[in-house]
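Trainee: Here it is, the structure in full.
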């Protein structure tokens, strides 16, 4: 079960719920596709940039694996979790794209779930590996934004 308990699965489940809400109770705004598409695009770019930085630093972006390096520059200078923030942007964008404004409360619920299931444990491992360097970084850069 641990092998399938990964953030993309949770994003897909929350996106499916948002799509269902949009189908059941669509709320159309004039620029929902424009804003939704922009948020989806920004989220995907943020995820790719952050994953690319991690690859360049020869460290993992797979949850629950031990890191080889602490990445603190680029996207990681804005947020400690740029890939998860990208997920949240994609989910927000999908809610708008699918006319599912009533599903927007799923976004903070998703962020809470990701924090509890993944981020807290990941930060404990990173703190154990990188000690004071991570604690200094954590003091300077917020978890989400």
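Trainee: Determine the pairs where a residue that is over 15 Å from residue 109 (Cβ atoms), located within the range 1-20, has a partner that is in a loop (DSSP other than H, G, I, E, B) and modelled with pLDDT of 95 or more with Cβ atoms under 7 Å apart, the partner being 6 or more residues away or on another chain.
Mentor: From the range 1-20, the pairs are 19/98; 19/100.
Trainee: Looking at (1) within 23 Å of residue 22 (Cβ to Cβ); (2) in contact with a helix residue (DSSP H, G or I) (Cβ under 9 Å, 6 or more places away or on another chain), find the lone condition where residue 50 falls short.
Mentor: All conditions are met except number (1).
Trainee: Looking for something out of contact with any strand residue (DSSP E or B) (no Cβ under 7 Å at 6 or more places or on another chain), part of a helix (DSSP H, G or I), free of Cβ contacts under 8 Å to residues at least 40 places away in the same chain and more than 16 Å from residue 40 (Cα to Cα) - is there at least one such residue anywhere in the range 72-79? Working first, answer last.
Mentor: If we filter the range 72-79 for residues that are out of contact with any strand residue (DSSP E or B) (no Cβ under 7 Å at 6 or more places or on another chain), which is where we start, we get 72-79.
Then drop every residue that is not part of a helix (DSSP H, G or I), which leaves 74-77.
Now drop any that are not free of Cβ contacts under 8 Å to residues at least 40 places away in the same chain, which leaves 74-75.
When the remaining residues are screened for being more than 16 Å from residue 40 (Cα to Cα), the result is 74-75.
Yes - at least one qualifying residue is present in the range 72-79.
Trainee: How about the range 13-32: which of its residues are surrounded by 12 or more Cβ atoms within 10 Å (Cβ to Cβ) and part of a helix (DSSP H, G or I)? Quick ask: steps written out before the conclusion?
Mentor: We begin by selecting, within the range 13-32, every residue surrounded by 12 or more Cβ atoms within 10 Å (Cβ to Cβ); these are 13-15, 17-22, 25-27, 29, 32.
Result: 13, 14, 15, 17, 18, 19, 20, 21, 22, 32.
Trainee: I'm checking my understanding of the structure. Among residues of the range 126-145 that are touching a residue at least 60 places away in the same chain (Cβ under 8 Å) and assigned to a helix (DSSP H, G or I), which one is farthest from residue 16 (Cα to Cα)?
Mentor: The selected residue is 133.
Trainee: Another question, then. Name the pairs: first residue in the range 22-45 and more than 24 Å from residue 75 (Cα to Cα), second residue modelled with pLDDT of 95 or more and part of a loop (DSSP other than H, G, I, E, B), Cβ to Cβ under 7 Å, at least 6 apart or on different chains?
Mentor: 22/98; 22/99; 22/100; 26/99; 27/99; 28/99; 32/99
Trainee: Now for a separate question. Look through 101, 88 and report the one residue that is over 15 Å from the mean Cα position of the chain (by Cα), touching a residue at least 40 places away in the same chain (Cβ under 8 Å) and closer than 27 Å to residue 20 by Cβ. Reasoning before the result, please.
Mentor: Working: 88 fails: over 15 Å from the mean Cα position of the chain (by Cα).
Residue meeting the stated conditions: 101.
Trainee: Condition test on residue 112, is it at pLDDT 95 or above, over 19 Å from residue 52 (Cα atoms) and in contact with a helix residue (DSSP H, G or I) (Cβ under 7 Å, 6 or more places away or on another chain)?
Mentor: Values: at pLDDT 95 or above: yes; over 19 Å from residue 52 (Cα atoms): yes; in contact with a helix residue (DSSP H, G or I) (Cβ under 7 Å, 6 or more places away or on another chain): no.
In short, no.
Trainee: Consider residue 94 against the criteria (1) over 24 Å from residue 26 (Cβ atoms); (2) surrounded by 15 or more Cβ atoms within 10 Å (Cβ to Cβ): it satisfies all of them except one. Which criterion is unmet?
Mentor: The failed condition is (1).
Trainee: All but one of (1) in contact with a helix residue (DSSP H, G or I) (Cβ under 9 Å, 6 or more places away or on another chain); (2) without any contact (Cβ under 8 Å) to a residue 60 or more places away in the chain; (3) under 18 Å from residue 124 (Cα atoms); (4) surrounded by fewer than 16 Cβ atoms within 10 Å (Cβ to Cβ) hold for residue 66; state the number of the condition that does not hold.
Mentor: (2)
The values are calculated or read from the model by the stated rules, or taken from the named source; none is laboratory data. None of the values given here were measured: they were computed from a predicted structure. Cβ coordinates were reconstructed from backbone atoms using ideal geometry, including for glycine residues, and neighbour counts include every protein chain displayed.
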